[in-house]
Amino acid sequence: MTSTFPRSQLDIFVEISNADGGVLASAFNAVTLALLDAGVPMSDYVIAGAVSYVQGHFLLDPNRLEETSACPVLVAALLPRSNSICFLNSELRLASDNLPTMLDLVKMGVRRVFEQLDNDVVRPYLYDLIEKKNTLK
């Protein structure tokens, strides 16, 4: 919702202090949490997840060993309310027949993170705002 802050610039820096895989997806999710914490109005959240295909198995949220095993890893960032993909990346060649399954897994993972974020972070904050507003009346 950039119209809320015209002629403004928001710089976001992510510092990774320790990584055991999922760095890019975690960075997307950390930025979303930072924006929520800062009170920046958003019409939807950007939530990311990763899926790898290792030895014939699909793995949601692979660790560093699974990501570096010379197998394809798909990282996707979605807008969960509209179910739109806003970022999609794979460093290695990915078989086209695996793509639908990998996307479905990422969407499932993102949906779970979205529900958790909405229930445990956003709703309690909104309830606090409503309660404060009612006490001021």
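The values are calculated or read from the model by the stated rules, or taken from the named source; none is laboratory data. As the structure is a computational prediction, the values presented were derived from the model and not from experiment. Note that we place each Cβ from the backbone using ideal geometry, even for glycine, and neighbour counts take in every protein chain shown. Accessible surface is based on the protein model in full, side chains and every heavy atom, while ligands, DNA and RNA are left aside. Shrake-Rupley method; radii C 1.70, N 1.55, O 1.52, S 1.80 Å.
One table, with the values for the structure above:
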item: Surface share of carbon and sulfur [accessible, 1.4 angstrom probe, percent] for region 6-137; result: 53 percent
item: Probe 1.4 Å, all protein chains present, accessible-area order of Cys71, Cys86, largest first; result: Cys86, Cys71
item: Dipole-positive endmost among Leu74, Leu92, Val46 within the chain (Cβ charges, Cα centre); result: Val46
item: Cα-centred dipole magnitude for the chain, charges only on beta-carbon of K, R (+1) and D, E (-1), debye, nearest 20; result: 520 debye
item: With DNA, RNA and ligands ignored, accessible area of Phe28 (1.4 Å probe; Å², nearest 10); result: 60 Å²
item: Solvent exposure of region 27-137 as accessible area per residue, Å², 1.4 Å probe; result: 64 Å²
item: Positive-end residue of Pro124, Val14, Ala27, charge dipole of the chain with Cβ unit charges; result: Pro124
item: Principal-axis tilt of helix 23-38 within the chain, Cα atoms, nearest 10 degrees; result: 0 degrees
item: Cα long-axis angle, helix 123-136 against the chain (0 to 90 degrees, to the nearest 10); result: 0 degrees
item: Helix 99-117 axis, angle to the chain major axis (alpha carbon atoms, nearest 10°); result: 30 degrees
